[in-house]
Amino acid sequence: MNNSESFEFHPQLVEDCHVMGRLTECHVLLHSNASIPWFILVPETNVADLLDLPTEQRDRIMEECALIGRFIRQRSQSPKLNFGALGNLVPQLHLHVIGRHPEDPCWPNPVWGNLQESGTYSENLLKEIQQELEEFGKTSCE
C-alpha cells in the first residue's frame, strides 16, 4: 500500500503527534511531549510487525530510522538513542526513535509510563524543526 491518498494514521497517533513530513518509506511524526526528542516513523503498510516485512522493505525503513536518529543526535546532542516497535496499544506499525540524555525527565527509565506530560511545541518551533528535518534529509541522502 503506497497510495498516500488512502493512507490514514491510527487515531492515537493523530492525538499524540505532529505530522512533520514524509520520507520514501515512512511518514515522520513528532511526539507532542516536547520534554525529549521523540520521533515516530509510520510506514505505509498493512503489516503490523516490523519483523514480518519483506527484507528489502524492512532494510529501507531501518535506514530511515537511522536517518532520524542522526537528525536527533545533531539537533539535540542526545548521547543515547532508544528505538522501539511495540504496537501493543496502537496496532498500526510505527517505530519510535527517541533521543535520551542523563538529564532528561525520566532517565534512565524507559519513556513509556515514566514521562510526565510537560512542555509543548510552539507553532514556530514545529515549523523550524520541520524545515531542519527537510534540509537534513536532503543533505543526508545526496
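When we screen Arg100, Arg70, Arg60 for residues that are closer than 14 Å to Leu133 by Cβ, out of contact with any His (no Cβ under 6 Å at 6 or more places or on another chain) and not acidic (Asp, Glu), the only hit is Arg70. The single residue among Leu86, Leu53, Leu115 that is free of Cβ contacts under 8 Å to residues at least 60 places away in the same chain, crowded, with 18+ Cβ neighbours inside 10 Å and farther than 23 Å from Leu133 by Cα turns out to be Leu53.
Quick check, is Ile98 assigned to a strand (DSSP E or B), closer than 21 Å to Gln12 by Cα and of a type in the set (A, V, I, L, M, F, W, C)? Yes, satisfied. Beta carbons closer than 6 Å, at least 6 apart along the sequence or on distinct chains, pair a first residue in the stretch 67-81 that is farther than 18 Å from Pro108 by Cβ with a second that is surrounded by 14 or more Cβ atoms within 10 Å (Cβ to Cβ) and of a type in the set (Val, Ile, Thr) for Ile68/Val97; Gly69/Val97. In the set (1) more than 18 Å from Leu115 (Cα to Cα); (2) out of contact with any helix residue (DSSP H, G or I) (no Cβ under 7 Å at 6 or more places or on another chain); (3) surrounded by fewer than 20 Cβ atoms within 10 Å (Cβ to Cβ); (4) at pLDDT 95 or above, Glu5 fails one condition alone, (4).
Within the set Ile68, Ile61, the sole residue that is among the hydrophobic types (A, V, I, L, M, F, W, C), touching a Cys at 6+ places or on another chain (Cβ under 7 Å), at pLDDT 95 or above and surrounded by 20 or more Cβ atoms within 10 Å (Cβ to Cβ) turns out to be Ile61. Residue under question is Pro91, and the condition is that it be in a loop (DSSP other than H, G, I, E, B) and either without any contact (Cβ under 8 Å) to a residue 60 or more places away in the chain or buried (at least 16 other Cβ atoms within 10 Å of the Cβ) (or both); does it hold? No; evaluated as a whole, the condition is false for this residue.
Quick one: how many residues across the stretch 35-58 are at pLDDT 95 or above and in contact with a Ser or Thr (Cβ under 6 Å, 6 or more places away or on another chain)? Qualifying residue count for the region: 1.
The values are calculated or read from the model by the stated rules, or taken from the named source; none is laboratory data. Quick caveat, the model's predicted, so the values are computed rather than measured. Backbone-built Cβ (ideal geometry, glycine too); neighbour counts: all protein chains shown.
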